[in-house]
1. Each label point is 7 Å from the Cα along the Cα-to-Cβ direction; what then is the distance between the points at K15 and L162, in nm?
2. With each pseudo-label sitting 7 Å past Cα toward Cβ, what's the E41-R23 distance in nm, one decimal?
Amino acid sequence: MERRKPPAPESLPLKPISLQELRLLPAGAHWAFDQHLAEIETISPVRGELRALWLADGLQVSGDASTSISLRCDRCLASFTHSLHFRCQELIALAAEGDEVLAPDSLMPESLGSQLLHFSGSGAGDLDVTGHWPMEADGPSECLDPLGLFDPGHWIFEQLHLQLPCRNDCGAACPGPAVWSTAELPAAGPSSPSSEPPLDPRWARLGQLR
């Protein structure tokens, strides 16, 4: 007897999808993308894939993506190219009846209105006796409204944004600041041909106060 192949995830365009529509896809949804995202400015298109699967009262999302962005070094102020990449899997809680769903209107695109819910955490863990993920009092409280939308593009943006460096450093060859102290700043007043402007523009404001 020939073994039946499991259904393949539905391939969809990279745009918000109703969670109730996603619920009807037994194998989940799949997004393959090679494009720029409106929420993050990148040098190269964001390339990767994403999968989402409805699980009881949770949404399992997994994917990977890579791109490159332009940053300005905090030390020498030179621009440099930085690569971003992520590969992760996340379980996102779905709100049960009576649960509060937090979604500040100021963070939501106007085109999607109040249906689009942004999230930064998950309620992943063991199911409790009611069949729901327990939400810790001091843990993430954001979750998705099962009657709302899931935005795959925003999820990708969030994961890429988490990969941004806390400190922009162009590397070991960074020459550092051109001026290390204010002693080399010219005195305030009319400039003369012999006066040299400060080499580091970050000291320009301090020079005006002297």
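Where a number appears in this text, it was derived from the coordinates with a stated rule and is not lab data. Quick caveat: nothing in here was measured; it's all calculated off a predicted structure. Cβ: placed from backbone, ideal geometry, glycine included. Neighbour counts: every protein chain shown.
1. 2.8 nm
2. The modelled label-to-label distance comes out at 4.1 nm.
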